[in-house]
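The values are calculated or read from the model by the stated rules, or taken from the named source; none is laboratory data. Given the structure is predicted, the values throughout are model-derived calculations rather than measurements. With ligands, DNA and RNA removed, areas are computed over all heavy atoms of the protein, side chains included. Shrake-Rupley method; radii C 1.70, N 1.55, O 1.52, S 1.80 Å.
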Amino acid sequence: MSEEALTEERAAERLAHHLLREAYHDLAAVLLSANAKAAESLFYAIEKRTADALRTIVADRAEGAASTRIARTVGVELDELFACAHGRTGIPASQRVASQRVASQQVA
């Protein structure tokens, strides 16, 4: 793939990421205002699914030697999104799982 095509692909990924992030914020706000209890249940499920996916990436080494670093980077970014969109002040599920995984790997 040419450098120009790679640059365009990265720009497209950044734009898609930005638009999805904005849409997630908007959807979370609407859900919270429509039905806070249902929104909290949905947010918990999303955070748990994220944590499970990050744990699997690390456990399976799906991204090779960089799996833990990649999962941690993604977890931090999504935790920031969740904290802002969900209005949470605690530690989101994905961050707890990433921390637990790192701690268990350090023990082993």
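Just to make sure I understand: if all protein chains stay in place, what is the order of Leu32, Leu27 by accessible area at 1.4 Å, largest first?
Numbers: Leu32 55, Leu27 115 Å².
I get Leu27, Leu32, largest accessible area first.
Rounded to the nearest Hz, the phi-derived 3J(HN,Hα) couplings of the stretch 7-16 under the Karplus curve 6.51 cos²θ - 1.76 cosθ + 1.60 (θ = phi - 60°) are 4, 5, 4, 5, 5, 5, 5, 4, 5, 4, where x marks glycine and proline.
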